[in-house]
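> Below is the structure I would like to discuss, written out as C-alpha cells.
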Amino acid sequence: MAALPAAATPVTVLVADAAGPLADAVVSLQPTAPARPPAPASATATMDQVNSQFVPAVLAVQAGSWVRFPNSDQIRHQVYSFSPAKRFELPLYQGSTAKPVRFEQAGLVTVGCNIHDWMVGYVVVLDTPYFAVTGADAQVRLEVPPGAYELRVWHPRLSGAGYAQPLQVARAPLRQAVQLATHGPAPVVPEDPRIRALQDKFRGSQTAPTR
C-alpha cells in the first residue's frame, strides 16, 4: 500500500439501518474537484467462488482495475454480467484458468453464474481512490486530504437512490454516522467457516491506497 500523504485526515464512517450495524456497505469519498486518474492496470482484486457463492458478495474497485474470478469449487461455473458498466462472459471453467476482467467504467456491475441462477455478486466500480467496504463492525476508516467531498454509500439492499451527502474534511479526525433505509431480510451468516473467513479477509483488503 502506498504511503499516506502527511496531511491526510482520518475519516471514520459508521453505517447502519433500522435493524442495526450494516456490513457490505460500500463507502466512498468523491472529491468535488476533478476526478483523479483511474487505477493502474496492475491493480488486481479477487472475487472467489466458494460453495456456489461469490466471495466477497460485494467487491469495490477503482475504475481501471482488474478483477480475478477464481473458482474454488469442485464444480464448474460460468461468470457473466449484463450490466451497462461492464458486460462480459467467461467460459465455463474450474480452478483459476479464467482470465481477469478489467473494469474501466464507474458504476454498479451485477455478476452471476449461467449455471447456478442463485449466485449473485456485486462489483462496485468507483472513480475515486477513497473507498472501503464495511465489515462486521459496520465501519470504515478512510485517509483523505482536507477538502470538500461527497460522501456516498451503497448497499445491495438499499431502498431508492444511493446515499450521497456533502462532507467537508478539515485537519481534525472526523467521525460520521450514516443511517440507510433498506429492504428485504438481512442475509444469513454463512455456516461454512471457509466462507466466513474469506469474507472477512476480502472486506479487510478493500481499502484503496490513497495517493
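The values are calculated or read from the model by the stated rules, or taken from the named source; none is laboratory data. What you are looking at is a predicted structure, and each value in this text was computed from that prediction instead of being measured. Note: ideal-geometry Cβ built from the backbone for every residue, glycine included; neighbour counts use all protein chains shown.
> Does segment 79-100 contain at least one residue that is modelled with pLDDT of 95 or more, touching a Cys at 6+ places or on another chain (Cβ under 7 Å) and not in a loop (DSSP other than H, G, I, E, B)?
Yes: one or more hits.
> Of the conditions (1) within 19 Å of Val27 (Cβ to Cβ); (2) in a loop (DSSP other than H, G, I, E, B); (3) modelled with pLDDT of 95 or more, Ala172 satisfies every one except a single condition; which number is it?
Only one criterion in (1) within 19 Å of Val27 (Cβ to Cβ); (2) in a loop (DSSP other than H, G, I, E, B); (3) modelled with pLDDT of 95 or more is unmet by Ala172, namely (1).
> I would also like to ask the following. Out of all the residues in segment 73-102, which are hydrophobic (A, V, I, L, M, F, W, C) and exposed (fewer than 15 other Cβ atoms within 10 Å of the Cβ)?
Residues satisfying the conditions are Ile75, Phe82, Leu92.
> Looking at the structure I just gave you, is Val125 under 26 Å from Ala33 (Cβ atoms), crowded, with 21+ Cβ neighbours inside 10 Å and in contact with a Pro (Cβ under 8 Å, 6 or more places away or on another chain)?
So Val125 fails the test.
> What tally of residues in segment 103-118 results from selecting those that are buried (at least 18 other Cβ atoms within 10 Å of the Cβ) and more than 21 Å from Ser65 (Cα to Cα)?
Here the count works out to 1.
> Which residues, taken from segment 101-148, are part of a strand (DSSP E or B), of a type in the set (Phe, Trp, Tyr) and closer than 26 Å to Gly20 by Cα?
Result: Tyr122, Phe131.
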